[in-house]
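No lab work stands behind these numbers, since they all come straight from the coordinates. Computed from a predicted model, the values in this text were never measured in an experiment. Methodologically, a virtual Cβ is constructed for each residue, glycine included, from the backbone with ideal geometry; neighbour enumeration extends over all protein chains shown.
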Amino acid sequence: MQRQLNENIKKLRIARGMNQIEFARIIGVTKQCVSNWENDNVLPSIEMLIKIADLFHVSTDYLLGRSSKHLVDMSGLTEEQIAHISLLTDDFERLNKAKE
């Protein structure tokens, strides 16, 4: 489980275009702390795990490698906007299946 956690934190951080310093500043820790998590030296606290999940809009189960589902908060969007996003995700899923 731990190996998955460090890889998921790094993958999500990089996907958002953040370096370790920016990520650390946003969640209120040091760069060294982030480095230790990503290098599999130390586990984040439960409080930090929740902050990381909230920041990246994923579940703690996703971070821990227990689920592959991403969460997207669509509150505040119209039904039409939500429908457009759903169509986009369907298109991406089809493209990924075609590549396999």
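Treating cross-link reach as a plain straight distance, find the lysines whose alpha-carbon is under 20 Å from the alpha-carbon of LYS10, omitting any fewer than eight places away in the same chain. Partners within reach: LYS31, LYS51, LYS69.
Using only side-chain charges placed at the Cβ, +1 for Lys and Arg and -1 for Asp and Glu, the dipole size of the chain relative to its Cα centre rounds to 440 debye. Take the Cα of HIS57, go 7 Å toward its beta carbon, and the backbone nitrogen atoms of the range 81-95 under 14 Å from that spot belong to 81-89.
Counting only C-alpha contacts under 8 Å and six or more residues apart, can you give the relative contact order of the chain as a whole percent? In percent, rounded to a whole number, it is 24. Ranking ASN41, GLY65, LEU88 by how far each Cα lies toward the positive end of the dipole of the range 25-100 (charges on Cβ) leaves ASN41 at the top. Out of ILE85, ILE21, ILE52, any idea which swings most in a Gaussian network model of the chain, alpha carbons joined below 10 Å? Looking only at ILE85, ILE21, ILE52, the largest GNM fluctuation is found for ILE85.
Sites listed here are GluC sites (Glu not before Pro) in the range 7-55 whose DSSP assignment is loop and whose Cβ has at most 15 other Cβ atoms within 10 Å, and the list is empty. Highest GNM mean-square fluctuation, the chain, Cα pairs closer than 10 Å: which of SER68, SER86, SER45? Highest fluctuation among the options: SER86.
Note on GLU79 and ASN36: the model spin-label points, each 7 Å out from Cα along the C-beta direction, lie 5.1 nm apart. Candidate values (1) 7.6; (2) 6.9; (3) 6.0 were compared with mean projected area of the Cα convex hull in nm² computed on the shown model; the agreeing label is (1).
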